[in-house]
1. Could you tell me whether the range A:132-151 includes any residue that is more than 14 Å from chain B (Cβ to nearest Cβ) and at positive phi?
2. Can you tell me which residue is nearest to the other protein chains (Cβ to nearest Cβ) among those in the range B:196-226 that are in contact with a Ser or Thr (Cβ under 6 Å, 6 or more places away or on another chain) and closer than 30 Å to B:V160 by Cα?
3. Being open to solvent by 20 Å² or more (accessible area, probe 1.4 Å) and either within 22 Å of B:I132 (Cβ to Cβ) or of a type in the set (S, T, N, Q) (or both): is that true of B:S201 here?
4. Within the range A:193-213, is even one residue assigned to a helix (DSSP H, G or I), more than 25 Å from A:D304 (Cβ to Cβ), under 24 Å from the mean Cα position of the chain (by Cα) and assigned by TED's automatic domain parsing to the domain that holds A:I117?
5. One residue is enough: does the range B:165-182 have a residue meeting the conditions modelled with pLDDT under 85 and open to solvent by 50 Å² or more (accessible area, probe 1.4 Å)?
6. Output yes when any residue across the range A:99-116 is in a loop (DSSP other than H, G, I, E, B) and open to solvent by 60 Å² or more (accessible area, probe 1.4 Å), and no when none is.
7. If I go through the range A:166-197 residue by residue, how many of them are of a type in the set (V, I, T) and buried (at least 18 other Cβ atoms within 10 Å of the Cβ)?
8. Output the residue which, of all residues in the range A:259-302 that are open to solvent by 10 Å² or more (accessible area, probe 1.4 Å) and free of Cβ contacts under 8 Å to residues at least 12 places away in the same chain, is farthest from A:F78 (Cα to Cα).
Amino acid sequence: MNWFAEIYKRVIGIAVVVVIATFLLSCLMWLLPGDPAELLNPSAPEGAIDSIRKEIGLDRGVFGYYWHWLSNLLTGNFGKYYLGGGEREVSEVVFRTLPVSMQMILYAQIVSLSLAIPLGLVSAYKENSRFDRIVSTTLFTMVSFPGFALALILSLVFAVQLGWVDPIGYVAPSEDLFQHLKLMILPVVSLAVGLTSSYTRLLRTDVIATLKEDYVTMAASKGISNRRVLWKHVFRPSSTTILTSAALNMGGLIGGTIIIETIFVIPGIGYEIFYAIGSRQIIAMQTLIALVAFAYVFFNSTVDILTQIIDPRTRERRV
Amino acid sequence: MSDVQQTVEVLPKLSSTKKKKPVGFYLSATWIGTVVFLAVFGWLLPTRPWDSADYDALGVKPFSPNHPLGTTGDGYDMLSGLVNGAKISIFVALVGVIIGGSIGTFIGVTSAYYRGMYDRVVTMIFNVMLSIPNLVLSLALLSVLAYSDENNPTTTSRRVGVLMLSLTIVVVPILGRIGRASALQWAGREFVLASKSMGTSNASIIIRHILPNVAPAILAIGFLAVGSLIIVEGSLAVLGIGVPGGASWGSMLANGRGNIAYSPHEVYMPAMAIALTVISCNWFGDYVRRALDKRESKI
């Protein structure tokens, strides 16, 4: 019943945010010095530039241009790259690069969650013990360690000096699974370190609060083993925060992979965004950033609804 | 019997108020102090000029007598580079946080106080700005506003200016959201209502009653924001569109990447400088937050 109203409201919210964000972005394009159409393909002859201008709607003013782009996007026409000889389709690039980035993000999430959940539970259970203090301090230091510095130092030590893995490159899992995983180690570790730290800290805080609840004392006094109490009675209500954060990171990470993908030369969507911005492919840039913004807002809203399902208490609080 | 023991074990100890030695606080404060000192007075120190090469010492390893931290493959002294880089890296981040934070706090606090349509529009704008990852946003702003090619070259100072502008824009919604959320808690309190009923003007209520209460949260997040802006500056430089020519830490790092195989200190020295500064900022911010929390809990 009011689920539909809730979802409907969310969808409208998502649409409004994405539309405003991309509109402002397309306004930014008009600030470029010179003719945007000429920047798209500086080596094109005069007539070709005119047709480019017509094709992307640059001759229709700020709003006409934006509407042209938006209506194209909504009907599945993602636009083109105009640089480098052939005109590549943006949709083709998205289909090629998005899975690569998603693989990397998924690995990073799996690695960091599978480290963070036991670490967070144990350090909360042993709050203020030596173990807890060492874990907390280490993680707090790690979370502030810049990802690109870590990536560069990792590739310096493990790829250049020790020669255990190749410093750059990407192989699809269907081609050579072993090589694929081997090449993914360094980028995934660079991404996962920061994530692990923030997840562990979140879970620790949450579990400490949950352990003080009456029903935990009740469960323990019934003689349920500590392990079972921790996993069944403490972890589930405490998992909402960490899941929220994990899902929120999905959107943010797509943008955050730019630097990692550039350092390790991985053909993912982050690298494509960087290329599109760097070479002023305004159509490709708007489309790619719109996708990232959409992903971010989408995960954001979905998480809100999902947490209400996982933890019914938040649902009641809202009503 | 064993059941009772388990009960005791599963309950966390209540002695969580135990005092901690603030070693981390002193370490981070010392490091931040040193970096800020170098950024401000670095040009007075008798180091070599950072932008002229010593052709007799190309790619010298660290700890050599003439070049304490070694040189780059092109003969630039690392120590003077780091001292000089502190200036731009710190300056850019501080300016971004101070200006962006002030704007964000102002907008956030006023929107929480006045509510209504203004608040809804502000929240929407913050959401829009936050929906684009901050690296992407500053990348787009930089590439448009500091556009350069053979026909219109940009100067370094223009690039630094645009960099500061885009970092400022990135900070506004982050601190604005914190300011708004924090101000919302205070705007409904009794003393605000009392003040209102006594006929105090809105501006004076905001400045004298709400801002002092919001300030701790803003201050703590502000330190974190300085750290993340240093990271963004470094990332932009690594992507090749930040400050050019090794004038900032990120820029040194970007220049050193090419020589990573035979003189790795070119990479790890600026990387460590960035990392230590960011870690110190976060630690310092965390201590500030904890100290202010304590004060609040005593009241």
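The values are calculated or read from the model by the stated rules, or taken from the named source; none is laboratory data. Source: prediction; values computed, not measured. Backbone-built Cβ (ideal geometry, glycine too); neighbour counts: all protein chains shown. The protein model used for the area step is the full one, side chains on, heavy atoms only, and it has no ligands, DNA or RNA in it. Shrake-Rupley method; radii C 1.70, N 1.55, O 1.52, S 1.80 Å.
1. To start, the set of residues in the range A:132-151 that are more than 14 Å from chain B (Cβ to nearest Cβ) comprises A:135.
Now restrict to residues that are at positive phi: none.
No - not one qualifying residue is present in the range A:132-151.
2. B:A217
3. Numbers: open to solvent by 20 Å² or more (accessible area, probe 1.4 Å): yes; either within 22 Å of B:I132 (Cβ to Cβ) or of a type in the set (S, T, N, Q) (or both): yes.
Judged against the criteria, B:S201 is a match.
4. From the range A:193-213, those assigned to a helix (DSSP H, G or I) are A:193-211; that's our starting set.
In the following step, the residues that additionally are more than 25 Å from A:D304 (Cβ to Cβ) were identified as A:193, A:211.
Filter once more, so that each one left must be under 24 Å from the mean Cα position of the chain (by Cα): A:193.
Filter again for assigned by TED's automatic domain parsing to the domain that holds A:I117, leaving A:193.
Yes, the range A:193-213 has at least one match.
5. Taking the range B:165-182 first, the residues modelled with pLDDT under 85 are none.
Taking every residue of the range B:165-182 in turn, none turns out to be modelled with pLDDT under 85 and open to solvent by 50 Å² or more (accessible area, probe 1.4 Å).
6. Step one: filter the range A:99-116 for residues in a loop (DSSP other than H, G, I, E, B), giving none.
For the range A:99-116, residues in a loop (DSSP other than H, G, I, E, B) and open to solvent by 60 Å² or more (accessible area, probe 1.4 Å): absent.
7. Narrowing the range A:166-197 to residues of a type in the set (V, I, T): A:168, A:171, A:185, A:188-189, A:193, A:196.
Then keep just the ones that are buried (at least 18 other Cβ atoms within 10 Å of the Cβ); that gives A:188-189, A:193, A:196.
Total satisfying the criteria: 4.
8. Filtering the range A:259-302 for residues that are open to solvent by 10 Å² or more (accessible area, probe 1.4 Å) and free of Cβ contacts under 8 Å to residues at least 12 places away in the same chain, the one farthest from A:F78 (Cα to Cα) comes out as A:G278.
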